[in-house]
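A quick write-up on the structure given underneath.
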Amino acid sequence: MREFSEQELVRREKCEKLRELGLDPFGQKYDRKDFCKDVKEKYELVDHDDFENMDDTATVAGRIMFIRKMGKASFFTIKDKSGSIQIYISINDIGEDAYNLFKAADIGDIVGVHGKVMKTKTGEVTIKCLEYTHLVKALKPLPEKFHGLTDIEERYRRRYVDLIMNDDSKRVAFLRPKIIRCIQNYMDDLGFSEVETPILTTLLTGASARPFATHHNAQDLDMYLRIALELPLKRLLVGGMEAVYEIGRVFRNEGMDPKHNPEFTLMEAYLAYSDLEGMMNLTENMFQTIAKKVMNKMTYNFGGYEVNLEGPWKRISMTDAIKEKTGIDFKADDMNLDRAIALAYEHHIEVLEHEKSLGHIINLFFEKYVEETLIQPTFLYGHPVEISPLTKKNPDDPRFVDRFELFIAGKEFANAYTELNDPIDQLERFEAQLAERDLGNDEANDIDMDFVEALEYGMPPAGGIGYGIDRLMMLFLEQDSIRDVLLFPTMKEKNRD
């Protein structure tokens, strides 16, 4: 049986008294006509004395966040999605019954107020209440005003309370969909079509990741939640749609930390007849469009750094970046696998069995010496073929592929390719991935024969890119944890004993 605190018991008694008065404690429709922020902004420049000759009214609704009772007149503050406003309420204006109803209210209750707009002697825009309407009785008290939810875990678990108490959390919650809408408008204006592809799949393709497994009862079929969006979108290029993108949830059965959540939002886009450079230009312009149209600034504090999104952004190959930091030239004529393994040993880099290839060792050097040093926006291109199973080989050096990653503040924000459209090469890459799985790489891709068959019909040359939308949000909203840009991040199960 649930146990209630003293405050909760008092609130429940008040709830019953409302019923005895013939009032629904949990309210009915209310005809709100105004938002708190709009009222304050409309009248903030009006002088106090000018209200004497005005009879402007407002009708607002929101949650009581503060009460200062003073006998037959009181002040309280209500808060709606736009902000808060002060209310002046007097027994002389609304009558004894309505005033007694107000006096029984608690912080957290939701009420409606109709009244005359005024300004106090201290210059605060205020609504003088002429009609007071009880809407919803809050049975639980809010956290203490000046501290709110100080337990970070509780903030994420009880996001609804966090949104009530924390204006920055609410700011983030409202800006995220605006940024998404800006991205959609940007892509639509470029002629892309937004599409939806299946979340349930029978194969692991499009990325290297551990999946969430499930089971389809009607077909007695084991399935996975998708780990990427790529292959269905590329099938649409084969079908002639030519410019497509999807913003959707993907699921990876991996750990949780400030940068990762098991379910997260990706955007992938594919453009026929484009290439790596086209994806770089699309990306740089998209980030700058968000910065200008939504955030109205080009510089952001992120990951402990000041990041400037003004262009042009730096472009550098992976091997050149490693050479800058270590002096090692992995493109040198005398470079081979044995020498690369020896260099890894000298630099205290562990090489697992399935990583014993020149390409994997280049990537290990990059991760140790370069990745965290890429602070300002940087397009890093020229990845080894071994770590890029779906990417077109560079025509001048087939050891590498036409791929780039965008790094900002030492973190990856996007992954792009000149897409592989050779079905023979693609099948060989899939088969190589299976061989890696046999050597212990449990994130290797399955062979998707239907996709290989689609390529056999002919996919136009294309550029493709994937963005981590949550990390993009972290940058623009200047948050250090992915949990602060997700309304409901995945949490460990709470012990309720």
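The values are calculated or read from the model by the stated rules, or taken from the named source; none is laboratory data. Since the model is a prediction, treat every value here as computed from it, not as a measurement. Here the Cβ positions follow ideal geometry from the backbone for every residue, glycine too, while neighbour counts run over all protein chains shown. These area figures cover heavy atoms from the full protein model, side chains too; ligands, DNA and RNA do not enter into them. Shrake-Rupley method; radii C 1.70, N 1.55, O 1.52, S 1.80 Å.
Taking the solvent-accessible surface of protein heavy atoms with a 1.4 Å probe, what is the per residue accessible area of the chain in Å²?
Using a 1.4 Å probe on heavy atoms only, each residue of the chain averages 51 Å².
Points 7 angstrom from Cα along the Cβ direction at Glu412 and Asn100: gap in nanometres?
Spacing of the two 7 Å Cα→Cβ label points: 6.8 nm.
Taking θ as phi - 60°, what are the ³J(HN,Hα) couplings along region 53-61 by the Karplus curve (6.51, -1.76, 1.60), each to the nearest whole Hz, with x for Gly and Pro?
Working through the residues one at a time gives 9, 10, 10, 6, 10, 9, 10, 10, 8 Hz.
State whether region 356-420 is rounded, prolate or oblate according to the following rule on the C-alpha gyration tensor (a ≥ b ≥ c being the square roots of its eigenvalues): a/c under 1.5 gives rounded; otherwise a/b larger than b/c gives prolate, and the remaining case gives oblate.
oblate
Which value results for Rg/Rh of region 187-313 when Rg is the Cα radius of gyration and Rh the Kirkwood radius based on the inverse mean 1/r?
1.03
Karplus couplings for region 454-459 from phi (6.51 cos²θ - 1.76 cosθ + 1.60, θ = phi - 60°), rounded to Hz, Gly and Pro as x?
For region 454-459, the Karplus-derived couplings read 4, 5, 5, 7, x, 10 Hz, x marking Gly and Pro.
Roughly how many debye, to the nearest 20, is the charge dipole of the chain about its Cα centre, given +1 on each Lys and Arg Cβ, -1 on each Asp and Glu Cβ, and no other charges?
For this selection, approximately 2680 debye.
Long-range amide H contacts for Gln86: which residues qualify at under 5 Å (H placed 1.01 Å from N, peptide plane, sequence gap of 5 or more or a different chain)?
The list, which skips near neighbours in sequence, is Ile127.
Please list the non-local residues whose amide H lies under 5 Å from the amide H of Phe302, H modeled 1.01 Å from N, same-chain partners needing a gap of 5 or more.
Amide H neighbours of Phe302: Val307.
What are the radius of gyration and Dmax of region 1-71, computed over its Cα atoms and given in Å?
When restricted to Cα atoms, region 1-71 yields Rg and Dmax of 18.4, 59 Å.
If a/c stays under 1.5 just call it rounded; otherwise compare a/b with b/c (prolate if a/b is bigger, oblate if not). Do that for the chain, with a ≥ b ≥ c from the square roots of the Cα gyration tensor eigenvalues.
Cα axes put the chain in the prolate bin.
Using per-residue counts of other Cβ atoms within 10 Å, averaged over each peptide, order 263-271, 126-134, 2-10 from highest down.
So the order, starting with the most tightly packed, is 263-271, 126-134, 2-10.
For helix 276-290, report the angle its Cα long axis makes with the longest principal axis of the Cα atoms of the chain; keep it between 0 and 90° and round to the nearest 10°.
10 degrees
If each DSSP helix of 4+ residues adds -39,500 (n - 2.57) and the sum is divided by the residues in the chain, what number results at 222 nm, nearest 500 deg cm²/dmol?
When only DSSP H runs of four or more count, the value is -9500 deg cm²/dmol.
Helix 358-369 versus the longest principal axis of the chain: what angle, 0 to 90°, nearest 10, using Cα atoms?
On a 0 to 90 degree scale, this one is about 40.
Which cross-chain or sequence-distant (5 or more) residues have an amide H under 5 Å from the amide H of Ala138, H modelled 1.01 Å from N in plane?
Excluding prolines and chain starts, which carry no amide H, the hits are Asp109, Ile110.
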